[in-house]
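Step one of this worksheet: look at the structure below.
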Amino acid sequence: MANSDPSDPDFLARTESYAVAATEIAAVLQGEANLMARMATVASMLADRFAHYFWAGFYCVDAQKTDELVIGPYQGSLGCLRIAFNRGVCGAAALRRETIIVPDVDAFPGHIACDDRSRSEIVVPVFDASGRLIAVLDIDAIEPAAFNQSDARGLEAIVRQVFAA
């Protein structure tokens, strides 16, 4: 279970891990403009760095159906192909345009079980430089309550750095 107490050693260690990940991601992506390459790299590097991640990837706003997300680059088991903005954690984060941490996916109304091993989830909206929603970053864990505010802050900083700069 992830602790949200900023004085907790795990919280501090996780916060530092996100800072290091942000630096490494920035170095690898320097000069790369392609959106899919950027998303694939972020998903891969985050999945590799954080042992508590079971699934890490992006759902992109569909260009033709702008109220629907379509699977993008990811690491993990098969993901859902499409998610409407009014369905599941990803859809809720896209609709609200805010990060959502779900300690128990079974308790989240309308949760979509792409893989029933998932027990907790965090979803971060991704905006471009003009502030337009372009995707959500979805991270799942097998353990309940695996995510806390250090994850939210770290992931929000990374997506701002990579996609809104």
For this session: With the checklist (1) over 20 Å from TYR53 (Cα atoms); (2) free of Cβ contacts under 8 Å to residues at least 12 places away in the same chain in hand, flag the one item ALA113 doesn't pass.
Result: (1)
Exercise. Are any residues in the range 61-84 within 14 Å of ALA40 (Cα to Cα) and among the β-branched types (Val, Ile, Thr), and if so, which ones?
Worked result: ILE71
Problem set entry | Count - residues of the range 1-21 that are surrounded by 14 or more Cβ atoms within 10 Å (Cβ to Cβ) and modelled with pLDDT under 65 | 4
Exercise. Can you tell me which residue in the range 133-165 is surrounded by the fewest Cβ atoms within 10 Å (Cβ to Cβ), limited to those that are touching a Cys at 6+ places or on another chain (Cβ under 9 Å) and either closer than 21 Å to GLN30 by Cα or among the basic types (Lys, Arg) (or both)?
Worked result: ILE134
Problem set entry | Selection from the range 36-81 of residues that are touching a Cys at 6+ places or on another chain (Cβ under 6 Å) and free of Cβ contacts under 8 Å to residues at least 60 places away in the same chain | VAL70, GLY79, CYS80
For this session: May I ask you to verify whether VAL105 is of a type outside the set (D, E, K, R), modelled with pLDDT of 95 or more, surrounded by 17 or more Cβ atoms within 10 Å (Cβ to Cβ) and within 21 Å of HIS52 (Cβ to Cβ)?
Result: no
Problem set entry | Filtered residue count, the range 136-156, keeping only those that are assigned to a helix (DSSP H, G or I), in contact with a helix residue (DSSP H, G or I) (Cβ under 6 Å, 6 or more places away or on another chain) and either at pLDDT 95 or above or at positive phi (or both) | 1
Exercise. Within the range 41-56, restricting attention to residues that are under 21 Å from LEU29 (Cβ atoms) and among the aromatic types (Phe, Trp, Tyr), which residue is surrounded by the most Cβ atoms within 10 Å (Cβ to Cβ)?
Worked result: TYR53
Exercise. Does PHE127 fit the bill of being over 15 Å from the mean Cα position of the chain (by Cα) and of a type in the set (Phe, Trp, Tyr)?
Worked result: no
Seminar exercise, completed: Just one listed residue, out of SER130, SER120, is out of contact with any strand residue (DSSP E or B) (no Cβ under 7 Å at 6 or more places or on another chain) and either buried (at least 19 other Cβ atoms within 10 Å of the Cβ) or modelled with pLDDT of 95 or more (or both), and it is SER130
Exercise. Has the range 57-74 got any residue that is buried (at least 18 other Cβ atoms within 10 Å of the Cβ), at pLDDT 95 or above and over 17 Å from ILE134 (Cβ atoms)?
Worked result: no
Exercise. Quick one: which helices (runs of 4 or more DSSP H) sit completely within the range 1-107 and have at least 2 residues that are of a type in the set (Lys, Arg)?
Worked result: 35-49
Exercise. Among the residues of the range 115-135, how many are in a loop (DSSP other than H, G, I, E, B) and either of a type in the set (Ser, Thr, Tyr) or under 10 Å from GLY88 (Cα atoms) (or both)?
Worked result: 2
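The values are calculated or read from the model by the stated rules, or taken from the named source; none is laboratory data. Computed from a prediction, not measured in an experiment: that's the story for all the values here. Glycine gets a Cβ as well: all are built from the backbone with ideal geometry, and neighbour counts include every protein chain shown.
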